[in-house]
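What follows is calculated from the coordinates using simple rules that are stated; it is not laboratory data. Keep in mind it's a predicted model, so treat the numbers as computed, not measured. Glycine also receives a Cβ, built like all others from the backbone with ideal geometry; neighbour counts cover every protein chain displayed.
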Amino acid sequence: MNSAPQTRPLTLYEKLVAQNTVRRIDDETMLLYVDFHIMNEYTSPQAFAGLQAVGREVWRPEAHLAVVDHVNPTRPVARVEDIEDDGGRLQIQTLSANCERHGIELFDLFDPRQGIEHIVVPENGMAWPGMVIACGDSHTTTYGAFGALGFGIGTSEIEHVLATQTLAYAVLKTMRVTVPGALGPGCTAKDIVMAFIAEVGAAGASGYAVEFAGEAITALDMAGRMTICNMAVEAGARAALIAPDERVFAYLQGRDRAPTDDAWNNALGYWRTLRSDDDAAFAREVTLDATTIAPLVTWGTSPDQALPISGSVPTPQSPVDERALAYMGLNPGTPLTDIAIDRAFIGSCTNARIEDLRRAAIIVKGRTVAPHVTAIVVPGSKQVRAAAEAEGLDSLFLEAGFEWRGSGCSMCLAMNDDVAANGERCASSTNRNFEGRQGKGARTHLMSPEMVAAAAVTGHLTDARKFDRSAP
Ligand SMILES: CC(C)[C@H](C(=O)O)[C@@H](O)C(=O)O
Ligand code: SF4
């Protein structure tokens, strides 16, 4: 028997790439096998049209899932035909026709499993450690919370995956972000990832696969880990990973599409090997002390323009800052807690899981939304919505004056009719605060769901840590 070849210690990312490489194209590019591919109604139509044009079939229909999430209304409609927006209605109808033609599973608008793709896939046990998961959506990094290599792809790549189940993949450099210590009370996974983005900048992790490690990361539940891997893309990371541990396995066990019986036991054996070797070298190392992380809010139009809530609107350091402040209608020196809001939005694939709603509900309980604020909760999926209703969270939010909506991306990117008006200011549990993201001229402040809840009930940006969480 030959002895195993001597290999250098590998990072988790390097292992995942190596295990899924079909063929090496050149030093930097691999032909990568895609275990699972997710599609939405917004980025898939052209890819299907491309296939159609050359008469190609989908090679492995069972390795794809399609979900309606980006453009659907969050107010009830009886039939797709009743959706008023012509573009959105057509995209939803086109997705369902394409899925039917190619035998691809679809969670359509009326399916009880419908919701934002990155919420639906984990909750149905479809993301497993070690998988390569691609989707025409940048927040596919979410699956790193399971030790899966998830990344966003473009339209021509979607077509390539549909036809061949593979992709030409440019290998990334590796970065490790270690977060030692414990988060303070009222600080969350959202604050860790926002602190990371503020530290390295909105392009600071471009070209990197980022592995999050350390005490504060392993202490997080799966929802928190998903928040971190999801939003890491806002630092430019094209992949985010957390080594899978017992918490991941416990989350998966018994879920609809998770392996069972012998397959489960075999999978566990493999999954336990998925971690960076002790001496593995990362191209860049970053350390963030969890004990120093406070609740953050953004003041500008890029996710890295963020400060602890105790801070003030900064003095601009560049024309970019000046433009951001002008767009946001803010003056340097204003305490962040003096900034009044018009809207509050709890939703998105970053922060609309049941755990997020529970945390926001603790702040909202027994309080009322400030009279000048329009506040909505958009649960990440129909299953999240049902779970929240079973716990009575819907009545709690409704009694406080929030609207309780159906699931989808909604005001995260305002492609449906949930749009903030020109000049309106929104406290938002989402991930992008770009100009116009929540509506033309709308001003977005990113923060955790409990910080949004605190802003909704006080009417201005507020430190949620100041709330007595036991009784209002
Ligand atoms: C529409 C889609 C391409 C986009 C993405 O890739 O992330 C969207 O989900 C977003 O959050 O901006
Ligand atoms: S919720 Fe927002 S970030 Fe997530 S997929 Fe939808 S639009 Fe993109």
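If I fit a long axis through the Cα atoms of helix 155-164 and take the longest principal axis of the Cα atoms of the chain, what angle between them do I get, 0 to 90°, rounded to 10? Computed tilt is about 30 degrees. Extension gain for S138 to D468 (0.36 nm times residue separation, less C-alpha to C-alpha distance): 115.1 nm.
Across segment 375-380, coupling constants 3J(HN,Hα) worked out from phi with the 6.51/-1.76/1.60 Karplus curve, θ = phi - 60°, read 10, 10, 10, 10, x, x Hz, and Gly and Pro carry x. Taking 0.36 nm per residue of sequence separation and removing the Cα-Cα distance, the A78/A202 pair yields an extension gain of 40.5 nm.
In what order do L95, L288 fall by count of nearby beta-carbon atoms within 10 Å, going from fewest to most? Spell out each step's value before the answer.
Working: L95 25, L288 22.
By the 10 Å Cβ count, ascending: L288, L95.
Restriction of the GluC sites (Glu not before Pro) in segment 13-45 to DSSP coil positions whose beta-carbon has at most 12 other beta-carbons within 10 angstrom yields E28.
Sort R60, R443, R79 so that the residue with the fewest other Cβ atoms within 10 Å of its own Cβ comes first and the one with the most comes last.
Numbers: R60 14, R443 26, R79 8.
Neighbour counts put them in this order, fewest first: R79, R60, R443.
Just need log10 I(q)/I(0) for segment 242-392 at q = 0.20 Å⁻¹, Debye formula, equal scatterers on the alpha-carbon atoms, no solvent, rounded to two decimals. Log10 of I(q)/I(0), two decimals: -1.29. Across segment 227-308, the relative contact order, built from alpha-carbon pairs under 8 Å that are at least six residues apart, equals 19 percent. Computed over segment 116-167, the range of Cα coordinates on each principal axis works out to 27, 21, 16 Å, biggest value leading.
Cα-based count: Lys pairs in the chain below 26 Å, eight or more positions apart or different chains? Numbers along the way, then the final one.
Numbers: K15/K173; K173/K190; K190/K365; K190/K382; K190/K440; K190/K466; K365/K382; K365/K466.
So the count of such lysine pairs works out to 8.
In terms of the Cα gyration tensor, with a ≥ b ≥ c the square roots of its eigenvalues, is segment 255-343 rounded because a/c is under 1.5, prolate because a/b exceeds b/c, or oblate?
Details: a/c = 3.38, a/b = 2.29, b/c = 1.47.
Here segment 255-343 falls in the prolate category.
Computed from the Cβ-Cβ distance with R0 of 25 Å, the FRET efficiency linking A250 to Q19 stands at 0.60.
Of all the Cα-Cα pairs you can form in segment 412-472, what percent are over 18 Å apart? For segment 412-472, the fraction of Cα-Cα distances above 18 Å is 37 percent.
At 222 nm, what value in deg cm²/dmol follows for the chain if DSSP H runs of at least 4 each add -39500 (n - 2.57) and the sum is divided by all its residues, to the nearest 500? After summing the helix terms and dividing by the residues of the chain, the value is -9000 deg cm²/dmol. Please compute, over every Cα-Cα pair in segment 170-282, the percentage with a separation greater than 16 angstrom. That tail contains 63 percent of the Cα-Cα pairs.
Spacing of the modelled spin labels on H372 and E391, each 7 Å from Cα toward Cβ, amounts to 3.2 nm. Kirkwood's formula applied to the C-alpha pairs of the chain gives a hydrodynamic radius of 22.7 angstrom.
For the chain, what does the relative contact order come out to in percent, with C-alpha contacts under 8 Å and a separation of six or more?
Details: 1106 pairs, mean separation 80.0, N = 472.
Averaging sequence separation for qualifying contacts and normalising by length gives 17 percent for the chain.
With each pseudo-label sitting 7 Å past Cα toward Cβ, what's the E403-R56 distance in nm, one decimal? If labels sit at E403 and R56, their model points lie 4.2 nm apart.
For segment 364-417, what D do you get in µm² per second when you plug the Kirkwood radius from alpha-carbon pairs into Stokes-Einstein at 25 °C and 0.890 mPa s? Result for D is 208 µm²/s.
Site pair N331 and A49 shows an inter-label distance of 5.0 nm when each label is modelled 7 Å from Cα along Cα→Cβ. Its Kirkwood hydrodynamic radius, worked out from the mean inverse distance over all distinct Cα pairs, puts segment 180-244 at 11.7 Å.
Between L90 and T260, the C-beta separation translates, for a Förster distance of 41 Å, into a calculated FRET efficiency of about 0.55. Here the ratio of the Cα radius of gyration of segment 7-108 to 2.2 N^0.38 Å is 1.42.
What the Kirkwood sum gives for segment 342-472 is a hydrodynamic radius of 14.1 Å, with every pair of different alpha carbons counted. Placing a label point 7 Å from the Cα of K440 along the Cα-to-Cβ direction, the residues of segment 87-113 with a backbone N closer than 18 Å are 87-88. Extension gain, A182-E100: 0.36 nm per intervening residue step, less the Cα-Cα distance, totals 24.7 nm.
Exposure proxy for L51, L162: other Cβ atoms within 10 Å of each Cβ, ordered fewest to most, give L51, L162.
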